[in-house]
Amino acid sequence: MGAIQQLLVDAGLGAGTAGSIESLVLFAIAFVVIYVIGQRTVIPIADRTLEQRDLDAHARGPLLKLVSFGIVFVAVAVAFGFAGFGSFLSSLATIAAALALAVGLATQDTISNFVSGVFIYADKPFRIGDWIEWDGNSGVVEDISLRVTRVRTFDNEMLTVPNSELTGGVIKNPVANEKLRLKFVFGIGYGDDIQQATDIIVEEAEKHPGIMDDPAPSVRLTELNDSDVGLQSRIWISEPSRADYVKTRGEFITNVKARFDEVGIDIPYPQRELAGEFELSNSTPVEAEE
C-alpha cells in the first residue's frame, strides 16, 4: 500500500477508493513533470533546429505544434505506467486497431494533405511571401499549414489550397532566386530601322533604375510576322516580387513606346485585305419612276 493510499485509508476512505485516488494523483504528478520538462527543453531545441533549416517563423508554428503533441503523448504514456494503470501503449494499440479502418477511410484526403504539407516544409518549393503560379492560378503565399496553404491573389482574393494540389503538379515560383528575367516583344514596321529601334530599347533599359546592368539588357530579332518585325527584349530585375515585376515592366514598355513615337518608329497593328466578288442571286430589278 502506498503512502498516499495509507493516508487516505487512515482518513476513513475505503482501500479501493483510496487506491484509485492515489493512482490519479500519481498520474497527475507524473504528467505535469514530464510535460513541463518537455515544454522547457524539447520545444526550444526543436525551434532552434527548425530555424537552422531556414524555416520562416510562421512556418515553424505547425511543426512545433506536432512536437508539443508528441510531448503530451509521452507524458501520458509515462504517467500511465507510473500510476500503475498498466501499459499505455498496449491500451492505445487496442483502441487504435478498432478505429484504424474508420479513421483511415474518413481522413484519406486529410492524411494526403498532411503528408504533402510535410513535403512542402522539407523541400521548400516556396515560402511565405513568395509569388507562385499553379494550374492557371497565381498569388502570394500568406500562410502554410500542414493541411492547406493560403494564397492571396492579385485581385485580393484569398485562396485556401489543399497541400496535395501544390505537390501533385508543377509550381512556378518566379521569385525563388535573387533575380528574374523579363521578356517582351516590340513589333516595328518592315520599313523601320531595326538597329535604331534596338538601340532605343537597350538605352531605355539601361536608364531604368529597376533594371540590372549585369546581366546586361539585350535585344534579338525573333519574329517576322505578317504586319511587323518582332524585336524581343530581355531585361533582369533584382530581388523580384510581383509588384516590382509589374511596375518595372510597365514603365519600361511605356518609355520605349514614347521614344518610338519621337523618332517615328511605327508599331503596326494587323491588317487584313479582303478580295473576291460579290454576286446577288434572285434579285428583282427596280424600275426608276418617271
Inter-site label distance for Arg150 and Ala122 at 7 Å from Cα along Cβ, in nm: 2.7
Restricting segment 140-248 to trypsin sites (Lys or Arg not before Pro) in coil, as DSSP defines it, with at most 14 other Cβ within 10 Å: none
Spatially proximal lysines relative to Lys207 (Cα-Cα < 23 Å; intrachain offsets below 8 disregarded): Lys179, Lys183, Lys247, Lys257
Accessible surface, 1.4 Å probe, highest first, among residues Met212, Met158: Met158, Met212
Chymotrypsin sites (Phe, Trp or Tyr not before Pro) within segment 200-257, DSSP loop, no more than 16 other Cβ atoms inside 10 Å: none
Assigned charges on the beta-carbon of Lys, Arg, Asp, Glu; segment 116-185 dipole about Cα centre (debye): 260
Summed residue charge, Cβ within 13 Å of Glu157's Cβ, Lys/Arg positive, Asp/Glu negative: 0
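How about segment 146-253: which GluC sites (Glu not before Pro) there are in a DSSP loop, with at most 15 other Cβ atoms within 10 Å of their Cβ?
Listed in order of number, the matching sites are Glu157, Glu178.
The values are calculated or read from the model by the stated rules, or taken from the named source; none is laboratory data. This is a predicted model, so every value here is computed, not measured. Cβ coordinates were reconstructed from backbone atoms using ideal geometry, including for glycine residues, and neighbour counts include every protein chain displayed. The area values use the complete protein model at the heavy-atom level, side chains included, leaving out ligands, DNA and RNA. Shrake-Rupley method; radii C 1.70, N 1.55, O 1.52, S 1.80 Å.
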